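Trainee: My structure is below; once you've seen it, I'll send some questions.
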Amino acid sequence: MKSFKAQILQGIPNSLPAKKQRGQVSHAPKRKDILNSQEKQLALRNALRYFPESWHKELSVDFAEELQTYGRIYMYRFMPEYKMYARAVDEYPVQSVQAAAIMVMIQNNLDPAVAQHPEELITYGGNGAVFQNWAQYLLTMHYLATMTNEQTLHIYSGHPMGLFPSSTDAPRVVVSNGMMIPNYSKPDDWEKFNALGVTQFGQMTAGSYMYIGPQGIVHGTTITVMNAFRKVLKKNETPQGKLFLTSGLGGMSGAQPKAGNICGCITICAEVNPEAAHKRHNQGWVDELVTDINVLVARVKRAQQKKEVVSIAYIGNIVEVWEVFDIENIHVHLGSDQTSLHNPWSGGYYPIGLSFEAANQMIRDEPETFKEKVKESLRRHAEAINRHTQKGTYFFDYGNAFLLEASRAGGDVCSENGTDFKYPSYVQDILGPMCFDYGFGPFRWVCTSGKAEDLDKTDAIAAGILETIMKDAPKEIQQQLSDNITWVKEAKKNKLVVGSQARILYADAEGRMKIAQAFNQAIQKGEISAPIVIGRDHHDVSGTDSPFRETSNIYDGSKYTADMAIHNVIGDSFRGATWVSIHNGGGVGWGEVINGGFGLVLDGKAETEHKIKNMLFYDVNNGIARRSWARNKEAMFAIQREMERTQGLKVTLPNRVEDAIIERLFKEDNPECKEK
Ligand SMILES: NC(=O)c1ccc[n+]([C@@H]2O[C@H](COP(=O)([O-])OP(=O)(O)OC[C@H]3O[C@@H](n4cnc5c(N)ncnc54)[C@H](O)[C@@H]3O)[C@@H](O)[C@H]2O)c1
């Protein structure tokens, strides 16, 4: 067999590999059979253009079978022979270290220990793809292995369009995923054009090569739950013995009990799929499993009485738990939901009244009846939550489109003004005003040496930098700094690494720049043994326009625009990013969000310092400027502070109008039309 390096260099193999069986790993569900016969022929033509003519006869039969059986052409036959995981950066055959670091990131996203459906090239979220098929993977790795620092690789939804001459300062890779003409961005358009092989759903960090396993979501959920408790508890109270009720133990939602334990509360998480619940229990992410609702009630009452810190998975439907806890008068302090409502009709949400198996059967055999069952269940779900919130529960939408789908189903979740939801999204109430508007957002890094000791050194550097910043920081951001210092100091103990040696924390522009600079200097001095990739997820201050999530706390009407995300990706690309990406979909669903991200390779060179300052500054302050223009007071504070200390920054500031001046106008026409 050829060596790893030789296989990477060759790209598409010279001789046709034998047909392969799928492996014993989790596989993506069979996708909708959406193409007509002519479109199926087109999908085959599209797939075969990657291969020489002499292979077409054999491959056409193989690919037609895949399309018929799985609804997509994955080209399983071309799965590489070598083991898929992030190797140390110097194990890749490359001419450009920057390109090598990107290869590390791609292989991590496809590692079976990390990826949800590795053989379908899906990293997370059921449909978050790195590539559409294995030919795209092989070609991309070949291009990365052979490119120089004066070329840029352009990727269209997984397809490597090719290498184009550029310059050393340009990004090495530019990625777009799922970018559609706006009228063609309905969920079935994804089904159709993905089946044709011309687009993909890159989620956020799947198609941008920036996934670091569940750590990112554990951090985000911990910060959210911790701050949600701060909203409901009195100054001298702690979360101990207080109840957080939610659902979902899947890819991301599985982080909830672990985050609940880190926050120190009682977490009850309902999950209809026993396999998902057992998996999280075996991983130690949830402490106990309960299958009987009466046992659950007794257990929760005991935990509340004894003020325990514990997480319990209930194998059953979340609607049942809300309803029974209401009857039993169990006080829920915090409530949320993390079923996959970005994908309500094909297994993202299981309706009450049907067993897990019966629901799966109905999705296949009676999709229209299933839709009605989901809607009925969402209405009941909303009613039960409403009864709890009347008794004082704080409920928030955690960006899974619960309120959106419940409202579409006719659930009682709309507020009296007819435009907003009854409950805030976690961004409206928590992450927006407390973090994003001040520029605090995800900052992550990956040690490309693959060595745990390098990660330990970076943890210590990051904690030290944040502690220094905190000494002179204004009171408005002290809490965020303190939470993240605690987080990074305890991160190792919480055993969060899966796949590459990676870490995440939240910091503002100053924190992100200073930490990155310190890493770069440590690499220069040889204290850290290999380059570090810095980046972030797309769930951030500036990268994402998403009216039901990241930009849900924008109230000037511009939350349905996507200019910020577009400016961000263009702005980052010429300020020093090693790669940039822009996606349709991700998180809340296809057509509902435009999100972008970047990766920057810190190689210890002096010129990288300039890239760090220039790019990270813009990457955060672009979004603060936009949030300030939307009249968000925390962002106005942050951008004015930044202008005072940064020469060359001159942002247009809004003038606020007195409510009384506006509210006397257009009164009769539209009495409820008022901005929050
Ligand atoms: N705000 C954020 O930062 C954020 C982060 C991650 C995920 N999300 C959103 O949260 C959702 C979940 O993500 P995921 O990756 O965990 O998806 P997933 O599909 O892997 O997990 C969802 C789980 O919910 C379970 N479920 C569905 N209906 C149920 C019901 N009625 N009762 C009990 N369990 C039920 C499913 O069996 C599944 O295991 C997605 O919509 C995602 O976009 C938001």
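The values are calculated or read from the model by the stated rules, or taken from the named source; none is laboratory data. Please read all numbers here as calculations on a predicted model, not as lab measurements. Every residue, glycine among them, receives a Cβ derived from its backbone with ideal geometry; neighbour counts consider all protein chains shown. Accessible surface areas use protein heavy atoms only, side chains included; no ligands, DNA or RNA. Shrake-Rupley method; radii C 1.70, N 1.55, O 1.52, S 1.80 Å.
Trainee: Using only alpha carbon pairs under 8 Å that are at least six residues apart, calculate the relative contact order of the stretch 133-277 and give it in whole percent. Before the final figure, lay out the partial values.
Mentor: Working: 175 pairs, mean separation 21.6, N = 145.
Reported relative contact order: 15 percent.
Trainee: Here's something else I'd like to know. Work through the residues other than Y618 whose Cβ is under 15 Å from its Cβ and net out their charges, Lys, Arg +1 and Asp, Glu -1. The partial results should precede the final answer.
Mentor: Values: positive: R512, R536, R575, K611, K613, R626, R627, K650; negative: D169, D508, E510, D540, D563, D572, D619, E642.
Surrounding charge for Y618 is 0.
Trainee: Write down the accessible area per residue of the chain in Å², having rolled a 1.4 Å probe over the full set of protein chains.
Mentor: Values: 27680 Å² over 676 residues.
I get 41 Å² per residue for this part.
Trainee: Taking a 1.4 Å probe, which of V104, V174 shows the most accessible area, and what order do the others take after it? Let's see the in-between values first.
Mentor: Details: V104 5, V174 45 Å².
The most accessible residue leads, giving V174, V104.
Trainee: Could you give the distance between the Cα centres of the stretch 225-285 and the stretch 441-488, to the whole Å?
Mentor: Computed from Cα coordinates, the inter-centre distance equals 24 Å.
Trainee: Cβ under 15 Å from L378's Cβ, L378 left aside: what net charge do those residues give with Lys, Arg +1 and Asp, Glu -1? Please report the intermediate quantities before stating the final value.
Mentor: Details: positive: K371, K373, K375, R379, R380, R408, K422; negative: E320, E323, D337, E372, E376, E383, D397, E405, D412.
Its environment carries a net charge of -2.
Trainee: Return, ordered by residue number, the residues of the stretch 567-607 whose backbone nitrogen is under 18 Å from a label point located 7 Å along Cα→Cβ of N183.
Mentor: 591, by backbone N distance to the label point.
Trainee: State the extension gain, in nm to one decimal, for the chain segment bounded by K495 and E91, taking 0.36 nm per residue of separation less the distance between their alpha-carbons. Could the numbers behind the result be given before it?
Mentor: On the way: separation 404, 0.36 × 404 = 145.44 nm, distance 2.60 nm.
Value of the extension gain: 142.8 nm.
Trainee: Oh, and also: Taking the dipole about the Cα centre of the chain, with the C-beta of Lys and Arg at +1 and of Asp and Glu at -1, give me whichever of C265, T339, Q203 is farthest to the positive side.
Mentor: About the Cα centre, the residue reaching furthest to the positive side is C265.
Trainee: Full-extension gain between F164 and Q647, please, as 0.36 nm times their residue separation minus the C-alpha to C-alpha distance.
Mentor: Numbers: separation 483, 0.36 × 483 = 173.88 nm, distance 3.51 nm.
Full extension of this stretch gives 170.4 nm more.
Trainee: Using a 1.4 Å probe on the protein heavy atoms only, what accessible surface does D90 show? Give it in Å² to the nearest 10.
Mentor: We get 120 Å² for D90.
Trainee: Sort I12, I532 by accessible area with a 1.4 Å probe, largest first.
Mentor: Numbers: I12 30, I532 0 Å².
Result, largest first: I12, I532.
Trainee: For the stretch 255-266, just list the computed ³J(HN,Hα) in residue order, Karplus coefficients 6.51, -1.76 and 1.60, θ = phi - 60°, integers in Hz, with x standing in for Gly and Pro.
Mentor: Computed from phi, the couplings for the stretch 255-266 are 6, 4, x, 5, 5, x, 5, 5, 6, x, 10, 9 Hz.
Trainee: Considering the dipole of the stretch 7-143 built from charges on the beta carbon (Lys and Arg +1, Asp and Glu -1) around the Cα centre, which of T140, V89, N46 is farthest to its positive end?
Mentor: Positive-most Cα among the choices belongs to N46.
Trainee: Here's a follow-up. Given the C-alpha centroids of the stretch 296-339 and the stretch 43-94, what is the distance between them in whole angstrom?
Mentor: 47
Trainee: Find the relative contact order for the chain and round it to a whole percent, using C-alpha pairs within less than 8 Å whose residues are 6+ positions apart.
Mentor: For the chain, the relative contact order is 13 percent.
Trainee: Here's something else I'd like to know. Once the piece of chain linking T468 and S415 is laid out straight, how much longer is it, given 0.36 nm per residue of separation minus the C-alpha distance between them?
Mentor: Values: separation 53, 0.36 × 53 = 19.08 nm, distance 4.40 nm.
Here the answer is 14.7 nm.
Trainee: Let me ask something else. Can you give the accessible area of M179, probe radius 1.4 Å, in Å² rounded to 10?
Mentor: Surface open to solvent at M179 totals about 80 Å².
Trainee: Continuing with the same structure: Per the Debye formula with a single identical scatterer at each Cα and no solvent contribution, what log10 I(q)/I(0) holds for the stretch 134-187 at q = 0.16, 0.19, 0.23, 0.27 Å⁻¹?
Mentor: -0.52, -0.66, -0.83, -1.01
Trainee: Could you give the dipole magnitude of the chain about its Cα centre, charging the beta-carbon of Lys and Arg +1 and that of Asp and Glu -1, in debye to the nearest 20?
Mentor: Values: 74 positive and 78 negative charges, 218 e Å.
Charge dipole of the chain: 1040 debye, to the nearest 20.
Trainee: Let me ask you something else. Relative contact order, percent, of the stretch 456-562 when contacts are C-alpha pairs under 8 Å separated by at least 6 residues? Could you put the intermediate results ahead of the total?
Mentor: Values: 64 pairs, mean separation 22.5, N = 107.
It comes to 21 percent, rounded to a whole number.
Trainee: Assign one of three labels to the stretch 446-528, namely rounded, prolate or oblate, based on the Cα gyration tensor with a ≥ b ≥ c the square roots of its eigenvalues; rounded applies when a/c is under 1.5, prolate when it is not and a/b is larger than b/c, and oblate otherwise. Spell out each step's value before the answer.
Mentor: Working: a/c = 2.43, a/b = 1.43, b/c = 1.70.
Judged from the Cα gyration tensor, the stretch 446-528 comes out oblate (a/c at least 1.5, b/c at or above a/b).
Trainee: Still on this model: Cα centroids of the stretch 176-190 and the stretch 501-521: how far apart, whole angstrom?
Mentor: With the stretch 176-190 and the stretch 501-521 each reduced to a Cα centre, they are spaced 34 Å.
Trainee: Let's test the formula: R0 of 30 Å, r as the Cβ-Cβ distance of Q283 and S355. What FRET efficiency results, to the nearest 0.05? The partial results should precede the final answer.
Mentor: On the way: r = 25 Å, r/R0 = 0.83.
Using R0 = 30 Å, I get an efficiency of 0.75.
Trainee: Share of the chain's accessible area from carbon and sulfur, percent, 1.4 Å?
Mentor: Details: 14030 of 27680 Å².
Carbon and sulfur together cover 51 percent of it.
Trainee: Which FRET efficiency value, to the nearest 0.05, do you get for H610 and I566 by plugging their Cβ-Cβ distance into 1/(1 + (r/R0)^6) with R0 = 22 Å? Before the final figure, lay out the partial values.
Mentor: Values: r = 24 Å, r/R0 = 1.10.
The value I calculate is 0.35.
Trainee: Work out from phi, with θ = phi - 60° and the Karplus expression 6.51 cos²θ - 1.76 cosθ + 1.60, the ³J(HN,Hα) of each residue of the stretch 438-454, listed in order in whole Hz, and give x for Gly and Pro.
Mentor: 8, x, 7, x, x, 10, 10, 9, 10, 7, 6, 6, x, 9, 5, 5, 5
Trainee: Sticking with this structure for a sec: Using the Kirkwood radius over C-alpha pairs as Rh, can you work out the diffusion coefficient of the stretch 274-389 via Stokes-Einstein at 25 °C, viscosity 0.890 mPa s, in µm² per second?
Mentor: Values: Rh = 15.4 Å.
So the translational diffusion coefficient is about 159 µm²/s.
Trainee: Please give me the summed charge of the neighbours of S208: other residues whose Cβ is under 13 Å from its Cβ, Lys and Arg +1, Asp and Glu -1.
Mentor: Values: positive: R444, R536; negative: D537, D540, D572.
Surrounding charge for S208 is -1.
Trainee: Determine the order of L653, L48 by accessible area, beginning with the largest, at a probe radius of 1.4 Å. Could you put the intermediate results ahead of the total?
Mentor: Values: L653 65, L48 20 Å².
Result, largest first: L653, L48.
Trainee: Could you state how much accessible area I570 has, in square angstrom rounded to the nearest 10, with a 1.4 Å probe and all protein chains kept in place?
Mentor: The accessible area of I570 comes to roughly 90 Å².
Trainee: Taking R0 as 22 Å, what FRET efficiency do you get between D659 and K234 from their Cβ-Cβ distance, rounded to the nearest 0.05? Show your work: numbers first, answer last.
Mentor: Working: r = 31 Å, r/R0 = 1.39.
Calculated value: 0.10.
Trainee: Then there's this: Which stretch or stretches of the stretch 439-457 have amide N atoms under 16 Å from the point lying 7 Å from E476's Cα along the Cα→Cβ direction?
Mentor: Correct set: 439-441.
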